[in-house]
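Data block below; observations after.
The values are calculated or read from the model by the stated rules, or taken from the named source; none is laboratory data. Keep in mind that what you see is a predicted model, and the values were worked out from it rather than measured. Reconstructed Cβ throughout: ideal geometry from the backbone, glycine too, with neighbour counts over all protein chains shown. When the accessible area is computed, the model is the full protein with side chains, heavy atoms only, and any ligands, DNA or RNA have been set aside. Shrake-Rupley method; radii C 1.70, N 1.55, O 1.52, S 1.80 Å.
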Amino acid sequence: MSKELNPFKMAQQQFDEVAEQMGLEQSVREMLRWPMREFRFQLPVRMDDGTIKVFFGFRVQHNDARGPGKGGIRFAANETQDTVRALATWMTWKTAVADIPLGGGKGGVVVDPSQLSDSEKERLCREWIDSVWKNLGPRNDVPAPDVGSNAQMMGWMMDEYSKLRGEYVPGVITGKPVGGGGSLGRTAATGFGVIVTVREAMKHLNMDSVGTTASIQGFGNVAQYAARTFIEMLGGKVISVSCWDREDKTSYTFTRKDGIDPYFLQSITDQYGTIDKEEAKKAHYVIEDGDAWLSKDVDVLIPAAIEGAITMDNVAQIHENVKIVAEGANGPTTPEADAVIRDRGIFMLPDFLCNAGGVTCSYFEQVQNDMNYYWPEEEVLEKLDQKMANAFQGVLKMALDKNLYMRDAAYWVAIARVEKAMRLRGWI
Ligand code: NAD
């Protein structure tokens, strides 16, 4: 992320611009520029060596006009209140654009989870719930995993909440392990959804997806399943992926001109999305610096790692043959770099549309929890495909009707839906 970038300012700037275009009422703007509620709390945790270490945690509820707050909990060393605010805001737009009856929230913990043992992680997760459980619930606010957290951690959190409530409440949190209240298809959902939007964009651009190429930033959950789905659903080739190397404290790009093998790369990638360089070298992958993924001669760029990845410092490196940018990550493009992409006529699939597959599947998980009846994976993915394709078509229609850039069109759709719900509830 570039040093000067504040993701919340970026989220507010994007909102302000569209609010102005829409002529949104001043009071509505004020309500939507800031989260409705925020919690910041200490998390004292007993470490394995017997000492107590104090972490900081957050939960931000941006807006719940359309339904309970929804959004992941990020465990990251560089987590800040403003990052959580930005992500909570984007969740409101994401659930609205995907047209699922949920609002926007986000949580965080300032910690490098790779430095904790499993039992320390479990105590930290339980402490997070103990601190904020009164403000959570299937009808209030429903967390999920994000960067640095996983299904097992969601399982511990659901258990802690259920203990406090004295009853089994699986719907309080999503992204739980399969067999522990989780939905089939959730692990693949975000990356799968990214590629459904790419497929729809290709149809709109009259591109034949077979033989198209992609380059991806990251090789974590979103990137891995985006790579697999790009190859399997579209018949395309993924040329490069990248990752952050925690030992070297830098990022690398891994390239194979005839296409990477995502299954092989997954087999040499740890749970934090770091690819083993030595094993990759042995398999003849070319290893370059972390920005190299951006300058590849491909049809589709998929930033699926971190926010602030495409900035004014590197946007000029995007190859002239790139036709689509599909934002798998949240906030990967700074507003200034976004303007360059728009002016170059590259088709943008904005984050809160493109990566809405995760939250949509989380919603399916809650529905299944409520029914206490679980769908087979094919049914989950089929429903997800439909929802994502509908979300894309809704935004595209808005873009064509009003001659808007896709990101602005996605904002129009989302803001209009949230405003309508606020009006119907008599808030405005
Ligand atoms: P992850 O932790 O599983 O993977 C992150 C990947 O990014 C790892 O491969 C890591 O090495 C890499 N990375 C980190 N810093 C990097 C850098 N500077 N350069 C190159 N690579 C770097 O995370 P994830 O769940 O895949 O999430 C990725 C992004 O997608 C985040 O912005 C997240 O908020 C967003 N997102 C995730 C989901 C989901 O369901 N997991 C849903 C919607 C959005």
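Here are the numbers for the structure shown:
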| item | result |
| --- | --- |
| Counted residues, segment 206-235 - those being more than 10 Å from the ligand (Cβ to nearest atom), in contact with a strand residue (DSSP E or B) (Cβ under 6 Å, 6 or more places away or on another chain) and not β-branched (Val, Ile, Thr) | 4 |
| Any pair with Cβ under 8 angstrom, 6 or more apart, that starts in segment 177-202 at a residue that is among the aliphatic types (A, V, I, L, M) and ends at one that is in a loop (DSSP other than H, G, I, E, B) and within 10 Å of the ligand (Cβ to nearest atom) | Val194/Ala304; Val194/Gly328; Val194/Asn355 |
| Count - residues of segment 348-374 that are under 17 Å from Gly185 (Cα atoms), in contact (Cβ under 8 Å) with a residue 40 or more places away in the chain and in a loop (DSSP other than H, G, I, E, B) | 3 |
| Subset of segment 20-33 (residues that are touching a residue at least 12 places away in the same chain (Cβ under 8 Å) and either in the same structural domain as Val110 (by TED's automatic domain parsing) or open to solvent by 60 Å² or more (accessible area, probe 1.4 Å) (or both)) | Gln21, Glu25, Met31, Arg33 |
| Hits in segment 336-347 (condition: open to solvent by 20 Å² or more (accessible area, probe 1.4 Å) and in a helix (DSSP H, G or I)) | Glu336, Ala339, Val340, Arg342, Asp343 |
| Within segment 269-327, tally of residues that are at pLDDT below 95 and of a type in the set (S, T, N, Q) | 1 |
| Members of segment 365-406 found to be within 20 Å of the chain's Cα centre (by Cα) and farther than 26 Å from His204 by Cβ, listed by number | Glu365, Gln366 |
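Residue-by-condition table, conditions (1) open to solvent by 10 Å² or more (accessible area, probe 1.4 Å); (2) outside any strand (DSSP E or B); (3) within 14 Å of the ligand (Cβ to nearest atom):
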residue: Leu43; (1), (2), (3): no, no, no
residue: Asp49; (1), (2), (3): yes, yes, no
residue: Val54; (1), (2), (3): yes, no, no
residue: Gln61; (1), (2), (3): yes, no, no
residue: Gly67; (1), (2), (3): yes, yes, no
residue: Ile73; (1), (2), (3): no, no, yes
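Every residue, every condition in (1) assigned by TED's automatic domain parsing to the domain that holds Ser209; (2) open to solvent by 20 Å² or more (accessible area, probe 1.4 Å), yes or no:
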position: Trp128; (1), (2): no, no
position: Ser131; (1), (2): no, yes
position: Arg139; (1), (2): no, yes
position: Val142; (1), (2): no, no
position: Trp156; (1), (2): no, yes
position: Leu164; (1), (2): no, yes
position: Val172; (1), (2): no, no
position: Lys176; (1), (2): no, no
position: Val194; (1), (2): yes, no
